[in-house]
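My questions all concern the structure below.
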Amino acid sequence: MPKAKVNGKEVEFEPGMTVLQVAELAGEEIPRFCYHERLSIAGNCRMCLVEVKPGPPKPQASCALPAADNQEIFTASPMVKKAREGVMEFLLANHPLDCPICDQGGECDLQDETVGYGRAGSRFTENKRAVEEKFMGPLIKTVMTRCIQCTRCVRFATEVAGVSELGLLNRGEDAQISTYLAAAVTSELSGNLVDLCPVGALTSKPYAFSARPWELTKTETVDVMDALGSAIRVDARGPAVLRVLPRVNDDVNEEWISDKTRHAVDGLSRQRLDRPYVRIDGKLKPASWGQAFAAIAAMVKASKPERMGLIAGDLQDAESMKAALDLFRSLGVANIDCRQDGSVLGHGPRESWLFNSTIAGIDEADAIMIIGANPKLEAPVLNARIRKRWLTGKLLVGVVGEQADLGYKYNYLGAGPEALKAFANHGPISKERPMLLVGQGALNRPDSDAVLHLIAQAAKSMGVVKEGWNGLSVLHTAASRVGGLDMGFVPGEGGKTVAGMLAASEAGEMDLIYLLGADEIDTAKLARTFVVYQGSHGDAGAQAADVVLPGAAYTEKPGLYVNTEGRVQLADRVVFPKGEAKEDWSILRALSDDLGQRLPYDSLEALRRALLNDHPTFGHIDHAPGHASAATFDVGALGRDGVLADAPFASPINDFYLTNPIARASVTMAECSRSVKAARGLLAAE
Amino acid sequence: MTKYPEARKQSAVIPILWLVQKQEGWVSEPAIRAIADLLGMPKIRVLEVATFYTMFMLEPVGKTALIQVCGTTPCMLRGSLELMEVCKAEIGAKDQVSADGHFTWQEMECLGACANAPMAQINDYYYEDLTPESLKGIIEAFRRGETPKPGSYAGRHSSEPADGALTLTDPSLFDGSRAKPITALPNAKAPA
């Protein structure tokens, strides 16, 4: 390996690294604005100047300079110091002195570098330039006078988000960042522009003037808005969750998060259930926990197990699902389901419902067939990953299902099972690491068993599953789903599915249905049933309920979530539940007393121990099984041969911004949804 | 377009912008959209190019003549400020279409004809060695619908010295009297 000397210290480095990276290897910090390790190199801020020997006797931009063997790099020489001071002075020449009213204040790269590398004063006596504000949609607030033209945002939009909507217009002193004719940025990843902006030019619009970074309590946890389980940091002040930022997790989200993850937080303080309610004379009246439990207990005692049901929602932590599962099983109830969308997965080997290739595995895949999914809406961060791989030119993408704009080119095979059938007869292929990305749109249909069978046959004949590679990847949309399936949260012997329960309820054959945060069902069908809703938001489920038990949202309880890869992740509590609301597992534990079926755990630790005992997979924190069991996984046995319907595959997500109770309670998400619809209307009008 | 390979279509962006400007006089927003569609590139990329180069007019200009007066140092020293005064009087404010819609005048940076300062580029041609009077005459000629002759307005052929040649004036240089018969080829070996 080549060697270089950084400030006299010798380091070895990989060929192809830049001088900046080599200096970082040696532990030297190089200031930078435009350079970002996940974006292409622009080299236009000039902040990373260093002195290099051998080379011309002038400072060099280290981010764009390939390191060479036996190079000597100086990062703190007088020449470098002077050069950086000069660059800082130029950058600040036109930068307004409005740090006290700037939202970036306290976490601003420009502030930090100025303190570290700048001069004490400025020699600039001319007028500062001012730049018009730009409109970039409901999430991004712009103060373009603060912009230092690093073009990170342009590169992010073009390279990662796949929407070439931002550009650097004009030149020289007049250069400015803009969208085309002040159109909103349409990406589901647009919030990341705010993180990337090293200054306060792009800041978060919903968060504007809310808080200073040093006032916030920062908690590292995981996201539940989609099934990826992106690593996030939640910032709260007092009882209010103010914002969500991404954390780096290269196995899952790299360092991006979707706009829903980031901006649905205002939903956490709206429409909250903060005390129990009981329906008396057709109206929900505030009640005490005792009254609520008594009403449930009376109903349970008067009913029979086969006339009771339990449905878990999409945002539930594994612990509360485990407690509910144990409680209802002990009551003899078999009508248990966590698949509100009617997915057929849940029986058979665990591999059948996991994203087996793993998300990081996309970086190795050479062909992806997307079946019945729109990853751009179902998991925008994952879609960015597919795009990243596609950009390398080593990935072939095909789609069966909706013909949506995914940000990359694909071969479109058709909309429904017919096209899938034609594809399944394809026979062996020449690809080394093929993936079948199966979305819920293919799995939540009446004929999904047959569809799954078809997919399984295709996987078998094309060698999608083999030693060292398992390309059968199920993309879930619900954060709780894999955890639920892992613990067997599916109908027991003779039990009814969600659809079955709803039908039975409509026919008057159900006495009690317990909704554990389940809102994505047709609650009109529950009119003839006594409904208990336990959850955090006054959404569809709570409105249909006869007893409402206030639970905790994902930021208010420690919990385990299993992402679509089967990766178990630990979420942390950021703030306490609202009002009288309690953590969900403890509500179920208390209720179990009243029902005479006391659950055998008094603490979260004991509950987790029980969960681990019954389902050891929950013990592998932050581990995705991937292809570990590919050799023994009989993919061909999945599904059942049957009659295929003609209906095309449809993604389960109609409106990306409004997929769960928290997002629906969020004003920001409602505004995004409106703005996207308006943009669509405009397009249609053209 | 046939000159551009399918995968390199985008290279045509500047020539096409130029064609549009020749045809329409300026580059309009619908034109940018049309170019983006034609070349299969994002609209914002075309707009970036169009705004980067000052030769592309993003607003309508005079139908008859776009007068671009050079204002950089050599021209300024030779009187471009007076030319601009003429423009202001004859046409109106800088960068704005005249009331009759026929003229626009702009101040440009160096157009590379410093030896013929002061000068202006009018439409596609250079008009050099201008004086306030000659510029006024040119504008009037345009107004009458004529196209005045481009080039120097001080009677020069191109950029030769105004007062006649100062070097290479000796007639013996040209009449062949200095030529002498060659006795030996240079660099050749002397005959043995």
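Please treat every number below as a calculation from the coordinates, not as lab data. None of these values were measured; they are calculated from a predicted model. Cβ: placed from backbone, ideal geometry, glycine included. Neighbour counts: every protein chain shown.
Using the beta-carbon distance between residue A:5 and residue A:40 and R0 = 22 Å, what value does 1/(1 + (r/R0)^6) give for FRET efficiency, to the nearest 0.05?
0.20
Okay, moving on. Roughly how far apart, in whole Å, are the Cα centres of region A:629-645 and region A:195-246?
About 42 Å separates the Cα centre of region A:629-645 from the one of region A:195-246.
Towards the positive end of the charge dipole of the protein assembly as shown, with charges on Cβ (+1 Lys, Arg; -1 Asp, Glu), say which of B:79, A:40, A:675 has the farthest Cα.
Sorting the options by dipole projection puts first B:79.
Which of the GluC sites (Glu not before Pro) found in region A:406-476 are in a DSSP loop and have at most 10 neighbouring Cβ atoms, other than their own, within 10 Å?
Those that pass, being in a loop and sparsely packed, are A:467.
Determine, for each peptide in A:603-615, A:16-28, B:4-16, the mean count of other beta carbons within 10 angstrom over its residues, then list the peptides with the highest first.
Put in order of decreasing packing, that is A:16-28, A:603-615, B:4-16.
Under the 0.36 nm per residue contour assumption, what length would be gained going from the current alpha-carbon distance of residue A:98 and residue A:364 to full extension?
Once the chain is fully extended between residue A:98 and residue A:364, it gains 91.1 nm.
For A:627, B:102, A:347, which order do you get if you count the other beta carbons within 10 Å of each Cβ and list the fewest first?
The most exposed by this proxy come first: A:347, B:102, A:627.
Next question. Considering the dipole of chain B built from charges on the beta carbon (Lys and Arg +1, Asp and Glu -1) around the Cα centre, which of B:182, B:123, B:139 is farthest to its positive end?
Final value for the positive-end residue is B:182.
Which whole-number percent gives the relative contact order of region B:65-152, counting Cα pairs below 8 Å spaced six or more residues apart?
Rounded, it is 34 percent for region B:65-152.
Further question: What is the magnitude of the charge dipole of region A:3-91 about its Cα centre, with +1 placed on the Cβ of each Lys and Arg, -1 on the Cβ of each Asp and Glu, and no other charges, expressed in debye to the nearest 20?
280 debye
Next up: How much net charge surrounds residue A:277 when only other residues with a Cβ under 15 Å from its Cβ are counted (Lys, Arg +1; Asp, Glu -1)?
Charge balance near residue A:277 sits at +2.
Here is a further query. Starting from the amide H of residue A:232, placed 1.01 Å from N in the peptide plane, find each other amide H under 5 Å away whose residue is 5 or more places distant or on another chain.
Amide H to amide H, under 5 Å and 5 or more residues apart or across chains, residue A:232 pairs with A:221, A:222, A:223, A:247.
Still on this structure, I have one more. Semi-axes of region B:65-152's equivalent ellipsoid from the Cα gyration tensor, sqrt of 5 times each eigenvalue, largest first, rounded to whole Å?
The equivalent ellipsoid of region B:65-152 has semi-axes of 19, 14, 11 Å.
Under 17 Å Cα-Cα from residue B:63, which lysines qualify once same-chain neighbours fewer than 8 residues away are excluded?
B:22, B:94
Still on this structure: Please report the projected area of region A:112-210's Cα convex hull averaged over all directions, in nm².
The orientation-averaged projected area of the Cα hull of region A:112-210 comes to 7.5 nm².
What length, rounded to one decimal in nm, is gained on full extension from residue A:350 through to residue A:403, with 0.36 nm per residue of separation minus their alpha-carbon distance?
16.1 nm
Quick one: which residues, 5 or more positions from residue A:205 or on another chain, have an amide H under 5 Å from its amide H? H modelled 1.01 Å from N in the peptide plane, none for Pro or chain starts.
Under 5 Å from the amide H of residue A:205: A:140, A:141.
Then there is this: If Lys and Arg each add +1 and Asp and Glu each add -1, what is the summed charge of the other residues whose beta carbon sits under 12 Å from the beta carbon of residue B:75?
-4
Please compute the average number of Cβ atoms from other chains found within 10 Å of each residue's Cβ in peptide A:159-166.
That works out to 2 on average.
Please order A:52, A:265 by the number of other Cβ within 10 Å, starting at the fewest.
So the ranking, lowest neighbour count to highest, is A:52, A:265.
Picking from A:444, A:494, A:413, whose Cα lies most toward the positive end of the charge dipole for region A:390-503 (charges on Cβ: Lys, Arg +1; Asp, Glu -1)?
Of the listed residues, the answer is A:413.
Next question, about the same structure. Can you give the charge dipole size of region B:6-52 about its Cα centre, rounded to the nearest 20 debye, using +1 on the beta carbon of Lys and Arg and -1 on the beta carbon of Asp and Glu?
Taking the Cα centre of region B:6-52 as origin, the dipole is about 100 debye.
How far is it, in nm, from the label point at residue B:175 to the one at residue B:110 when both lie 7 Å from their Cα along the line to the Cβ?
4.2 nm
To the nearest 20 debye, what is the magnitude of the charge dipole of chain A about its Cα centre, counting +1 on the Cβ of each Lys and Arg and -1 on the Cβ of each Asp and Glu?
860 debye
Determine the gain in length on full extension of the stretch residue A:425-residue A:210; use 0.36 nm per residue of separation and subtract their C-alpha separation, reporting nm with one decimal.
Length gained between residue A:425 and residue A:210: 71.7 nm.
Take the alpha carbon atoms of region A:3-91, find their radius of gyration, then divide it by 2.2 N^0.38 Å using N residues; give the quotient.
My calculation over the Cα atoms of region A:3-91 gives 0.99.
Below 20 Å, Cα to Cα, which lysines can residue A:283 reach? Residues fewer than 8 away in the same chain don't count.
A:525
Tally the DSSP beta bridges in the protein assembly as shown and give the antiparallel ones as a percent, rounded to 5.
The antiparallel proportion sits near 55 percent.
Something else now. Mind giving me the FRET efficiency for residue A:29 and residue A:123? R0 is 35 Å, r the Cβ-Cβ distance, nearest 0.05 is fine.
Here the calculated transfer efficiency is 0.85.
Describe numerically, in nm with one decimal, the distance between label points set 7 Å from Cα along Cα→Cβ at residue B:6 and at residue A:655.
My value for the distance between the label points is 4.2 nm.
Only counting other Cβ atoms within 10 Å, I'd like A:390, B:105, A:353 sorted with the fewest neighbours first.
A:390, A:353, B:105
Among A:555-568, A:659-672, how do they line up by average Cβ neighbours within 10 Å per residue, starting with the highest?
Taking the mean over residues of other Cβ atoms within 10 Å, the ranking is A:555-568, A:659-672.
Calculate the length of the line joining the C-alpha centroid of region A:409-465 to that of region B:1-27, in whole Å.
So the two Cα centres are separated by 43 Å.
Okay, moving on. Pick from B:169, B:104, B:64 the residue whose mean-square fluctuation is largest in a GNM of chain B, springs joining Cα atoms under 10 Å.
B:169
Another question about this same structure. In percent, how large is the relative contact order of chain A, given Cα pairs closer than 8 Å and 6 or more residues apart?
About 15 percent, as a whole number.
Turning to a different aspect of this structure: Report, as an integer, the average count of C-beta atoms from other chains found within 10 Å of each Cβ along B:48-58.
Mean shielding count: 3.
If R0 is 30 Å, what FRET efficiency do you get for residue A:303 and residue A:602 from their C-beta distance, rounded to 0.05?
E(calc), rounded to 0.05, equals 0.65.
Among the chymotrypsin sites (Phe, Trp or Tyr not before Pro) in region A:124-231, which ones are in a DSSP loop with at most 16 other Cβ atoms within 10 Å of the Cβ? Mind listing them?
A:124, A:135, A:209
Still on this model: So what are the ³J(HN,Hα) numbers for region A:641-648, from phi and the Karplus equation (6.51, -1.76, 1.60; θ = phi - 60°), rounded to whole Hz, Gly and Pro as x?
5, x, 7, 9, 7, 8, 4, x
Another question about this same structure. For region A:456-562, what is Rg from Cα atoms divided by 2.2 N^0.38 Å, rounded to two decimals?
After normalising by residue count via 2.2 N^0.38 Å, the value is 1.39.
Through the Karplus equation 6.51 cos²θ - 1.76 cosθ + 1.60, θ set to phi - 60°, convert the phi angles of region A:507-515 into ³J(HN,Hα) values in whole Hz; use x for Gly and Pro.
Calculated HN-Hα couplings, in order: 7, x, 9, 10, 8, 9, 10, 9, 9 Hz.
Show that you can apply the helix-only estimate: for chain B, add -39,500 (n - 2.57) for every DSSP H stretch of four or more residues, divide by all residues, and state [θ] at 222 nm to the nearest 500.
That comes out to -9500 deg cm²/dmol.
Counting each DSSP H run of 4 or more residues in chain A as -39500 (n - 2.57), what helix-only mean residue ellipticity at 222 nm follows after dividing by all residues, to the nearest 500 deg cm²/dmol?
Mean residue ellipticity, 222 nm, calculated: -7500 deg cm²/dmol.
Give me the distance between the Cα centres of region A:556-627 and region B:69-129, rounded to whole Å.
That distance is 78 Å.
What ranking, highest mean first, results for peptides B:131-141, A:540-550, A:473-483 when packing means the other Cβ atoms within 10 Å averaged over each residue?
Sorting B:131-141, A:540-550, A:473-483 by mean packing, highest first, produces A:473-483, A:540-550, B:131-141.
For region A:58-113, which GluC sites (Glu not before Pro) are both in a DSSP coil and crowded by at most 12 other Cβ atoms within 10 Å?
The qualifying sites: there are none.
With the calculation restricted to Cα positions, what are the radius of gyration and Dmax of chain B in angstrom?
24.3, 86
Please list the equivalent ellipsoid semi-axes of chain A, computed as the square roots of five times the alpha-carbon gyration tensor eigenvalues, in descending order and whole angstrom.
48, 30, 23
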